[in-house]
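The values are calculated or read from the model by the stated rules, or taken from the named source; none is laboratory data. Here the structure is a predicted model, which means the values were calculated and not measured. Cβ placement follows ideal geometry from the backbone for every residue including glycine, while neighbour counts extend to all protein chains displayed. We work out accessible area using only protein heavy atoms, side chains counted, and drop any ligands, DNA or RNA first. Shrake-Rupley method; radii C 1.70, N 1.55, O 1.52, S 1.80 Å.
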Amino acid sequence: MSGPYPRPDELGEPVYENIAHDPRHSFYWHTHGFPSPLAKWNFHPEYELHLIRHSYGHYMVGDYAGRFGPGNLVLVGPNLPHAWFSDLLHDDDVIEQRDVVLQFRGEWLESLMRLCPELRRVERLIQDTGRGVLFTGADAQDAASRLEAMGHQDDVARVSTLIELLGRLARNDYRLLTSPDYHLRHAGVRSEQVDAILQHLHRHFNRHISMTAVARWQGMTPSTFSRFFKQATGDTFVAFVRRLRIDHACRLLLDPRYSVADVCFMAGYSNLSNFNRHFRRLTGTTPREYRQSLAEDAAAHAAEPGRRAATRRAASHSL
């Protein structure tokens, strides 16, 4: 089954995507297929570099709608709605690993640019991402290959590749996708209301927070607010707050001063059993196992220079 697909103005309000941030990494590289819960009309505060590996279809960025094929490479700025819908021959078709997605926060990039003035060359590109950027030049294929290669690199190499990738993209030919005034038309009362609710949750998630209280604050009944929140975020109120708490717990577990019980309460839980269960459900591991993996990663990084030095000594002795 292929299109026709709706125009951006027929899709309704985009869904807010809450992207969990692993404190061990500066950015998030991942792949996914289609259909997928991640492949929807959505927006988020992070920048997103999006590559289509396979299939043809229809994509929307802001008020722009167009066709895509393999090699489609687009960079969208914070809170710019976007979606890619592949043509499917049958309703139950699945396109495995269709997308390569790289997401990073503006605060991280801004701090990097302050430390490295050389990166100011990408400033114009970053400003243009507010309208969505489609890369069209001869170097776009090379940029796509470098983005793909990040999936096989270690953490240090990924950082180096991303910096080089941004520099290359800034020199590449590209076109802007949305109309110049799109961001003005998109900023409606409902968007402001959703933003106010999300900011409130991000500030208070580690305290006792009830949907009924938030609904009353917004002048809604709990049932009306529940539907409103689900439509705006694609998630239930409880699940959304839970993800915020576990994301915060992951960052706290980096600090050895805090016990797992400390982290539990600091993340907003009053019950260690519930905390452990929710943590495992969202991360696939227990808080103690997660902390142990952090320690093992740190030990491996610390030992790496010694291993390299031993290799060099062994090589010199063999000459």
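Using a Förster distance of 35 angstrom, determine the FRET efficiency expected from the C-beta separation of residue 157 and residue 210, and round it to 0.05.
On the way: r = 45 Å, r/R0 = 1.30.
The pair residue 157/residue 210 has a calculated efficiency of 0.15.
Shape class of the chain from the alpha-carbon gyration tensor: oblate, with a/c at 1.5 or above and b/c at least as large as a/b. Counting only protein heavy atoms and a probe of 1.4 Å, the accessible surface of the chain is 53% carbon and sulfur. Each peptide among 141-148, 207-214, 261-268 gets the average number of other Cβ atoms lying within 10 Å of its residues, and from highest to lowest they stand as 261-268, 141-148, 207-214.
Per residue, how many Å² of accessible area does the chain show with a 1.4 Å probe? Walk me through the intermediate numbers first.
On the way: 16980 Å² over 319 residues.
For the chain, the solvent-accessible area averages 53 Å² per residue.
If you plug the beta carbon distance of residue 40 and residue 255 into 1/(1 + (r/R0)^6) with R0 = 35 Å, you get a FRET efficiency near 0.50. Its Cα centre serving as origin, the chain has a Cβ charge dipole (Lys and Arg +1, Asp and Glu -1) of approximately 1000 debye. Among the trypsin sites (Lys or Arg not before Pro) within the stretch 211-310, those in coil by DSSP and having at most 16 neighbouring Cβ atoms inside 10 Å are 257. Taking the DSSP bridge list for the chain and keeping only pairs wholly inside it, about 95 percent are antiparallel.
Rolling a 1.4 Å probe across all protein chains gives residue 85 an accessible area of roughly 40 Å².
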